[in-house]
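Beneath this line is the structure, given in structure tokens, with notes to follow.
The values are calculated or read from the model by the stated rules, or taken from the named source; none is laboratory data. All figures in this text were calculated on a predicted structure; none of them were measured in a lab. Here Cβ is always computed from backbone atoms with ideal geometry, including for glycine, and neighbour counts include all displayed protein chains.
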Amino acid sequence: MNFVLAVHGAPHNSNSGEHAIGFANAAISQGHRIERVFFYHDGVLHGLNSQVAPQGENDLLASWGKLAEQGVELAVCIASGIKRGILNQQEQARYEKSSHTLAPAFELVGLGQLIAGIQNADRYIEFPR
Amino acid sequence: MKRLLFIISAAPYSNKRGTAQLDAAMVAAAFDAEVSLMFSGDGIYSLLPNQSAHAIDQRAFSKVLEALSDYEVNQLYVCSESLASRGIVLSDLMPVQPLDLAAQRTLIATQDAVIGAAL
């Protein structure tokens, strides 16, 4: 089965990231496909490149990176992202900010990609804040 | 064409969740999805007319709702139990169709995806 997931909660505040990562790993291990994880609302903060995981705590960024290596597309909503400072090189240049902040495994996409993903998926599963 | 139901259950102006839901609903409509909107819980306050959102520098929820018909989003529903428990009657609200819990189950069962159910 082909899944599209959505993460709406920020890391370290909500557990939506942990839940989505756990679901994705379990689904993949059972032969399903996770086409895309869409980060919306505060969930876009999962894509922040400069996060440092404290010792003994989950390194969510590393977990997302492992999913990306297995072909999961990590799609950050550009509208939710840039207003929270999640910028790729292109947006950094466009808005003349001092640094780009999007982690390498992630990409900025339009909200339309969420809708297109839902339209193509067998199941859409949301992990709220 | 996919049928997508967006549920708005947070009060307007206390946070941005409802606004984010409306943004997504409009994009979905632009992508040719068949969009329905369901207001429940404190989300029903979004449907009160004559909101003075400018007083707190916000975009008026009621104005955005009025714009939905430009996107051919005309299926607006409200939870009748949420109305009753808050002492709000249908005539207080912008035009919207009330659904009891059984009718909501039927509506949800006919959708391809439900978005924001727990927001």
Worksheet entry | Unique match (being within 11 Å of the chain's Cα centre (by Cα) and either of a type in the set (Ser, Thr, Tyr) or under 26 Å from A:Gly112 (Cα atoms) (or both)) among B:Asn74, B:Asn15 | B:Asn74
Worksheet item: In region A:2-44, what residues are away from every other protein chain (no Cβ under 14 Å) and hydrophobic (A, V, I, L, M, F, W, C)?
Response: A:Ile21, A:Phe23, A:Ala24, A:Ala26, A:Ala27, A:Ile28, A:Ile34, A:Val37
Fill in: Failed item in (1) at pLDDT 95 or above; (2) touching a His at 6+ places or on another chain (Cβ under 6 Å); (3) outside any helix (DSSP H, G or I), with A:Gln92 passing the rest
(3)
Fill in: Condition check for B:Val27: within 14 Å of another protein chain (Cβ to nearest Cβ), over 20 Å from A:Ala79 (Cα atoms) and not acidic (Asp, Glu)
no
Worksheet, complete the sentence: Quick count over region B:23-39, residues being under 21 Å from B:Leu107 (Cα atoms), surrounded by fewer than 21 Cβ atoms within 10 Å (Cβ to Cβ) and within 13 Å of the chain's Cα centre (by Cα), is 1
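Give me the helices (runs of 4 or more DSSP H) completely within region A:1-86, filtered to those with at least 1 residues that are among the aliphatic types (A, V, I, L, M) and under 18 Å from A:Ile115 (Cα atoms), ordered by residue number.
A:78-83
Just checking, which of B:Ala10, B:Ala67, B:Ala20 is assigned to a helix (DSSP H, G or I) and within 14 Å of chain A (Cβ to nearest Cβ)?
B:Ala20
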Fill in: Number of the condition not met by A:Val109 [criteria: (1) buried (at least 23 other Cβ atoms within 10 Å of the Cβ); (2) among the β-branched types (Val, Ile, Thr); (3) over 18 Å from A:Arg129 (Cβ atoms); (4) within 13 Å of chain B (Cβ to nearest Cβ)]
(1)
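If a residue has to be touching a residue at least 12 places away in the same chain (Cβ under 8 Å) and under 14 Å from the mean Cα position of the chain (by Cα) to count, how many in region A:15-45 make the cut?
20
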